[in-house]
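One structure is given here, and the rest of the page talks about it.
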Amino acid sequence: MSSFHSLPPPATFNVDDRNAAERWREWRERWKCYAVTIELSKKTPEVQVSVLLTVIGPEAHEVSSTFQLSDEDQKDQNAVLAALERYFHLSKNTAFERYHFNIRAQIDGESFDQYVTALRHIAWDCDIANITQEEILRDRIMFGISDDKVRDRLLRERNLTLERTLEICGVSEVSIAQQEEINRVLESKVITVSAKLKDPVGRMKPVTDVHRKLEETDWITDCRFCGKSHRKVKEVCPAWGKRSSMSGATN
């Protein structure tokens, strides 16, 4: 007879895993192999349930304690497993699984058989057999919208309904429109302020102390020394005083 210690048990189950439904299916398969190997069926029903709840880990054990099971079912391993199955099936993010299913493409080095097997595993969590018209519309919206940020927001929603999908997408569109309007107003103000700071030929006005004291009209165009436009102050002319012919001249 096999010993309880002859084979390491499956790792404890993480109930907070984003893909808990998929992980649960994998965990249950490992548990079945483990239970057969240690000949758990030869033990009393109470011991079978006790071993199951010990191996599954404290988090899943705590979840199982919330189930409304009869005294008889609490001592039945299959009844406890069925209750856990229902719990993780209901908590799965079906919308996310369908999105994952629809974008799953064959990857490099993956055979066709491997690809189909992978799709079958994903399809198991998609609950396609029970899909409704509202869910089809919800999924199409989520797959088809152009805003990746909104799609990410939808994928993080558990038990996403069509009504909730429409609400999130509608609010996002209004928010974007409002932000664009705010940006236009701010841009208009920036342009207005910038225009006030520019000189008559479109260049930014100098801001040194000597220049601030001058009036807007104190500009010269086509300076006879440098050929440029600038304030009527000799210090701002790049050519003043640099040629002997200009010695002693002022603007």
task = Quote the Stokes-Einstein diffusion coefficient, in whole µm² s⁻¹, for the range 20-91, based on the Kirkwood radius over alpha carbon pairs, a temperature of 20 °C and a viscosity of 1.002 mPa s.
result = 172
inquiry  = Can you list residues from other chains, or at least 5 along the same chain, whose modelled amide H is less than 5 Å from the amide H of L160?
reply    = A95
note = Between the alpha carbon centres of the range 5-53 and the range 103-142 the gap in Å comes to 27
For the range 94-175, alpha-carbon Rg relative to the globular expectation (2.2 N^0.38 Å, N residues) = 1.22
task = For the range 47-60, just list the computed ³J(HN,Hα) in residue order, Karplus coefficients 6.51, -1.76 and 1.60, θ = phi - 60°, integers in Hz, with x standing in for Gly and Pro.
result = 5, 4, 5, 4, 5, 4, 6, 6, 5, 5, x, x, 5, 5
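Only the coordinates and a few stated rules stand behind these numbers; no lab work does. Note that the structure is a prediction, hence the values are computed from the model and not measured.
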